Structure formats: structure tokens, C-alpha cells
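In what follows, a structure is listed as C-alpha cells, so that the remarks can point back to it.
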Amino acid sequence: MKVLAIETSCDETAMALLEAEGGLRNPRFKILKNIVSSQIKIHAPWGGVVPSLAKREHIKNLPKVFDNLRLITRNRQEKVDLIAVTVGPGLEPALWAGIGFAKEIHKKYFPKAKLIGANHLEGHLYSFLLAKSLAANPKRPAANLFPAIALIVSGGHTILLKMDSLKKWEMLGETVDDAAGEAYDKAARMLGLPYPGGSEIERLARKGNPNAINFPRPMLNQKNYNFSFSGLKTAVLYYLRDNKQLTPSAGGYNKQKADVAASFQAAAIGVLVKKTLRAAEEFGARSVMLSGGVAANGALRGEMLNIKRKTGIDFFVADLKYNTDNAVMMAVAGYMQYLRGKKRPLRAQGSMRI
Ligand code: KG4
Ligand code: ZN
């Protein structure tokens, strides 16, 4: 079936069209169209996403992105069976923009299609179905990857889940304060790097020594699967306060700044990887799935691959562009939700859970 997805939960206006088949045993996807229109430049001066600006930009961009998909041309109209629109979690004004647009095109162009509300976190979670190592091997049904441990690490969430199947999972733990991506963004800001800071810290960290500063690894030794990143953030703040030559006003790049970035990253990733491995061992996982914007981080992906090498537990992660917000993952989540027969109201729910 053809699935059209619309994603506007934060600062990306995204749409995608996928061909989906295979059902709950062996879901397979062919990406036909994929557009992400980023608002980063608009929000960067504020150091974070401004909800009212995000809504305004989505309303402006949605028709443009839809036109660029070229589903409706003079002599042809693409057939669409399912429309999935993100209804949460996210910024409610931004979500409403996407929901309103989905209703409009449903009525105008695709009245026969089914229109469903989809969960952004399920989009991240299911993005492992796009992993090349899985997609390239049709003889390996996704239904055989379980039990699995899934780590979702984004700007708004840090969640560890145990998945028993493609439709059944339970949350093992989550962050009790900041999300991992949020910590990256805040540390980047303290170092004078532009927003969003995740990829900036990663780039700077490559030039630094991860063992230079022993930043705290919060909750690492607690026997639960929760995370905490605000103590790490504060430790970076104090370190910079006590080492004034490193503050943004001191300007310019120096080796010590790279050491701060590398040491911060080592602490953040260290906790994520250790807790994921511990859960995988405790629950006898056959696979580990990684998703969310922070999953675009090369060091984190590398550490996860090391687990695979050392333990034989399989590891799945989508290509970089499907880790940060996009509509391809929402089309995947929409298809999975359709197969599961789960209904969600077409109403923005900012703090929707997974
Ligand atoms: O999933 P996402 O695009 O949006 C949310 O749903 O939150 O995640 C965005 C987050 C931001 O905090 C960004 O700094 C972080 O993902 N991020 C990274 C990298 N690329 C994006 N963090 C670390 N390393 C990266 N390469
Ligand atoms: Zn996201």
C-alpha cells in the first residue's frame, strides 16, 4: 500500500511517500519521495525552537513541500491508501498545523485514503525497519529480531524499551530530567557552538581527548534503567566557569575546548551504551535498536557496533537522515499502526507517551 506521511512536531516540515508491504511479519518499505524542510536558520538566533514561529513556518512550508512531492500533476494523480500525520508528542501549535493540512489534502485529493494520527516516538522506534542490514535481507523477517532492546535518544526524549514483538513493548526507563540531545544542545551553547549543537559537539569532540576531564556519569551504577543528564550539564558549566579561557567570549577554537566536547560526549555516550548493554544482557535480547536525533552520532553508533562485535547481539540503526526528524519514519509508524489496528484521534497531544 502507498503511505503518505506528514511530520511537523518540531522544527522540520517533512513529507514522504512510501510503498509498504509484508505485514507484521516482514514489513518492507520502498521510499518513493522524501522531503525535509528545516527551520533551523529561523530558530537558531533564539538558541532553541520557538513554538509560535514553528507554527507560522509550517503553515507557510506545508503547501510548498506538498507541491514539491509532485503527487498531483496535470495529467496524473498518485494513488494514496493511507495518510499518517504526527499528532504527538511535540509542540502543539506545530502539530496542529500538520493535522490541519492532512485533513485538507485528505478531503481535497485523497478522500478514499484512510487518515490516521501517528506517534512521533513510534516513528523513531520503528525507524530500525529502514536499516540497510535489515532491508537488504528480505529472507530475514523483522518478526525474528525479538526480544530486543530499543534506545530512543532525541532532543526531547531518552527512553529505553524492551520489545517483545513488532507490536508489543514496555518501557524500562527514561530520563528523569534532560534528554540526551538536550544535554548536547546545552553543552554546545556553553561552548559557544551554534544551535542545534549535537553534530557540532561531535565534530569538535573528534579533535579532543575523551579522557581529559572526568565528567560525572549520572545514574550509571543505579540498578534501574533511568537516565539523568542535568548533572553532566552542570558539571560542564562549572568546568567552564573555573576555566575562563574556554568561555565563548574568550573566542576561537582551542584544544581544551575540544577536550571538553570529547569528555562530555564520552560521559553521555558511556551511560547510554552501558545501560543499553545491561538491559540487553538481563533480558536475553537478540537485537539492539537505536533511534532519534542523537543516533546520528558516529561515536554512539560505533560503540553500539562494538557491543555487537563483543556479544553477538545484533544491532540495527537507520541511515543518518532517518535518525533526525523526518516523515519517512512516520510513514513506517503509520503503516505499523494500521497493521496493529490502533486508532488515535486527530488531535495534537504535546506530551503523548509511547
Ligand atoms: O529526533 P530529533 O531530530 O528531534 C526530536 O525529536 O527531538 O533530535 C534532535 C536532537 C537535537 O538535540 C540534536 O542536537 C541531536 O538530536 N543530534 C545529535 C547529532 N545530530 C543531532 N546529537 C549528537 N550527535 C549528533 N551527530
Ligand atoms: Zn524526533
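The values are calculated or read from the model by the stated rules, or taken from the named source; none is laboratory data. If you're wondering where the values come from, they're calculated on a predicted model, not measured in any experiment. Virtual Cβ from ideal backbone geometry, glycine too; neighbours counted across all protein chains shown.
Scan the range 77-85 and tell me whether some residue there is in a loop (DSSP other than H, G, I, E, B), basic (Lys, Arg) and over 14 Å from ALA5 (Cα atoms).
Step one: filter the range 77-85 for residues in a loop (DSSP other than H, G, I, E, B), giving 78-81.
Right, trim to basic (Lys, Arg) and you get 79.
Add one more test, that the residue is over 14 Å from ALA5 (Cα atoms), and what stays is none.
Taking every residue of the range 77-85 in turn, none turns out to be in a loop (DSSP other than H, G, I, E, B), basic (Lys, Arg) and over 14 Å from ALA5 (Cα atoms).
Inspect the range 163-181 for any residue being of a type in the set (A, V, I, L, M) and surrounded by fewer than 19 Cβ atoms within 10 Å (Cβ to Cβ) and give the result as yes or no.
Let us first name the residues in the range 163-181 that are of a type in the set (A, V, I, L, M), namely 163, 166, 171-172, 176, 179-180.
Remaining after also requiring surrounded by fewer than 19 Cβ atoms within 10 Å (Cβ to Cβ): 171, 176.
Yes, the range 163-181 contains at least one residue that is of a type in the set (A, V, I, L, M) and surrounded by fewer than 19 Cβ atoms within 10 Å (Cβ to Cβ).
Can you tell me which of ILE31, ILE59, ILE35, ILE42 is farther than 29 Å from ALA135 by Cβ and at pLDDT 95 or above?
On the way: ILE31 fails: farther than 29 Å from ALA135 by Cβ; ILE35 fails: farther than 29 Å from ALA135 by Cβ; ILE42 fails: at pLDDT 95 or above.
Answer to the check: ILE59.
Pairs needed: first member in the range 1-21, touching a residue at least 60 places away in the same chain (Cβ under 8 Å); second member anywhere, in a loop (DSSP other than H, G, I, E, B) and away from ligand 1 (no atom under 16 Å from the Cβ); C-beta distance under 6 Å; at least 6 residues apart or different chains.
If the second residue must be in a loop (DSSP other than H, G, I, E, B) and away from ligand 1 (no atom under 16 Å from the Cβ), the pairs left are MET1/ASP81; LYS2/LYS79; LYS2/VAL80; LYS2/ASP81; LEU4/VAL80; ALA20/MET1.
Could you grab the pairs with beta carbons closer than 6 Å, sequence gap of 6+ or different chains, first residue in the range 208-235 and over 13 Å from THR158 (Cβ atoms), second one buried (at least 18 other Cβ atoms within 10 Å of the Cβ) and of a type in the set (Ser, Thr, Tyr)?
PRO210/SER263; ALA212/SER263; ILE213/SER263; PHE215/SER263
All but one of (1) more than 18 Å from the chain's Cα centre (by Cα); (2) modelled with pLDDT of 95 or more; (3) surrounded by fewer than 18 Cβ atoms within 10 Å (Cβ to Cβ) hold for ALA187; which doesn't?
Just one mismatch for ALA187, condition (3).
Quick check on my filter: what residues within the range 254-275 are more than 16 Å from ligand 1 (Cβ to nearest atom) and in contact (Cβ under 8 Å) with a residue 12 or more places away in the chain?
Once the filter is applied, which keeps residues that are more than 16 Å from ligand 1 (Cβ to nearest atom) and in contact (Cβ under 8 Å) with a residue 12 or more places away in the chain, the range 254-275 yields LYS255, GLN256, LYS257, ASP259, LYS274, LYS275.
Only one of (1) of a type in the set (S, T, N, Q); (2) within 11 Å of ligand 1 (Cβ to nearest atom); (3) more than 18 Å from ILE6 (Cβ to Cβ) is not met by ASN144, so which one is it?
(2)
Give the number of residues within the range 40-89 that are at positive phi and touching a strand residue (DSSP E or B) at 6+ places or on another chain (Cβ under 7 Å).
Number satisfying all stated conditions: 1.
If VAL288 meets every condition in (1) out of contact with any helix residue (DSSP H, G or I) (no Cβ under 6 Å at 6 or more places or on another chain); (2) of a type outside the set (Gly, Ala, Ser); (3) at pLDDT 95 or above; (4) away from ligand 1 (no atom under 15 Å from the Cβ) apart from one, which number is that one?
In the conditions (1) out of contact with any helix residue (DSSP H, G or I) (no Cβ under 6 Å at 6 or more places or on another chain); (2) of a type outside the set (Gly, Ala, Ser); (3) at pLDDT 95 or above; (4) away from ligand 1 (no atom under 15 Å from the Cβ), VAL288 misses (1) alone.
Between VAL273, VAL294, which is part of a helix (DSSP H, G or I) and within 16 Å of ligand 2 (Cβ to nearest atom)?
When all the criteria are applied, what remains is VAL294.
For the range 246-255, indicate whether the set of residues that are in contact with a strand residue (DSSP E or B) (Cβ under 8 Å, 6 or more places away or on another chain), of a type outside the set (A, V, I, L, M, F, W, C) and assigned to a loop (DSSP other than H, G, I, E, B) is non-empty. Give the steps one after another, and end with the answer.
Kept after step one, since they are in contact with a strand residue (DSSP E or B) (Cβ under 8 Å, 6 or more places away or on another chain), are these residues of the range 246-255: none.
The answer is no, given that none of the residues of the range 246-255 is in contact with a strand residue (DSSP E or B) (Cβ under 8 Å, 6 or more places away or on another chain), of a type outside the set (A, V, I, L, M, F, W, C) and assigned to a loop (DSSP other than H, G, I, E, B).
All but one of (1) crowded, with 17+ Cβ neighbours inside 10 Å; (2) over 28 Å from MET329 (Cβ atoms) hold for SER287; state the number of the condition that does not hold.
(2)
Would you pick out the residues in the range 309-345 that are surrounded by fewer than 15 Cβ atoms within 10 Å (Cβ to Cβ) and not hydroxyl-bearing (Ser, Thr, Tyr)?
Applying the first criterion (surrounded by fewer than 15 Cβ atoms within 10 Å (Cβ to Cβ)) to the range 309-345 yields 309-312, 319-321, 340-343, 345.
Residues satisfying the conditions are ARG309, LYS310, GLY312, ASP319, LEU320, LYS321, ARG340, GLY341, LYS342, LYS343, PRO345.
Among the residues of the range 150-165, are any part of a loop (DSSP other than H, G, I, E, B) and more than 10 Å from ligand 1 (Cβ to nearest atom)? Walk me through it before giving the result.
Here is the first cut: in the range 150-165, the residues part of a loop (DSSP other than H, G, I, E, B) are 154-157, 164-165.
Filter once more, keeping what is more than 10 Å from ligand 1 (Cβ to nearest atom): 164-165.
The answer is yes; a qualifying residue exists.
How many residues are in a strand (DSSP E or B) and exposed (fewer than 15 other Cβ atoms within 10 Å of the Cβ) when one looks only at the range 32-56? Before you say what the answer is, go through the steps one by one.
Filtering the range 32-56 for residues in a strand (DSSP E or B) gives 32-38.
Next, only the ones that are exposed (fewer than 15 other Cβ atoms within 10 Å of the Cβ) stay: none.
Residues flagged as in a strand (DSSP E or B) and exposed (fewer than 15 other Cβ atoms within 10 Å of the Cβ) within the range 32-56 amount to 0.
Condition check: away from ligand 2 (no atom under 16 Å from the Cβ) and within 28 Å of LEU320 (Cβ to Cβ). Does ARG74 satisfy that?
Values: away from ligand 2 (no atom under 16 Å from the Cβ): yes; within 28 Å of LEU320 (Cβ to Cβ): no.
In short, no.
Could you check, for the range 176-195, whether at least one of its residues is within 16 Å of ligand 2 (Cβ to nearest atom), in contact with a helix residue (DSSP H, G or I) (Cβ under 6 Å, 6 or more places away or on another chain), not in a helix (DSSP H, G or I) and not acidic (Asp, Glu)? It would help to see each step written out before you state the result.
Narrowing the range 176-195 to residues within 16 Å of ligand 2 (Cβ to nearest atom): 178-185, 195.
Keeping just the survivors that are in contact with a helix residue (DSSP H, G or I) (Cβ under 6 Å, 6 or more places away or on another chain) gives 178, 180-181, 183-184, 195.
Restricting the remaining residues to those that are not in a helix (DSSP H, G or I) gives 178, 195.
Now narrow it down to the ones that are not acidic (Asp, Glu): 195.
Yes, the range 176-195 has at least one match.
Just give me the residues in the range 86-107 being within 15 Å of ligand 1 (Cβ to nearest atom) and either over 18 Å from the mean Cα position of the chain (by Cα) or not in a loop (DSSP other than H, G, I, E, B) (or both), in sequence order. Let's see the steps before the verdict.
Start the filter on the range 86-107 by keeping residues that are within 15 Å of ligand 1 (Cβ to nearest atom), which leaves 86-92, 94-95, 98.
Correct list: THR86, VAL87, GLY88, GLU92, ALA94, LEU95, GLY98.
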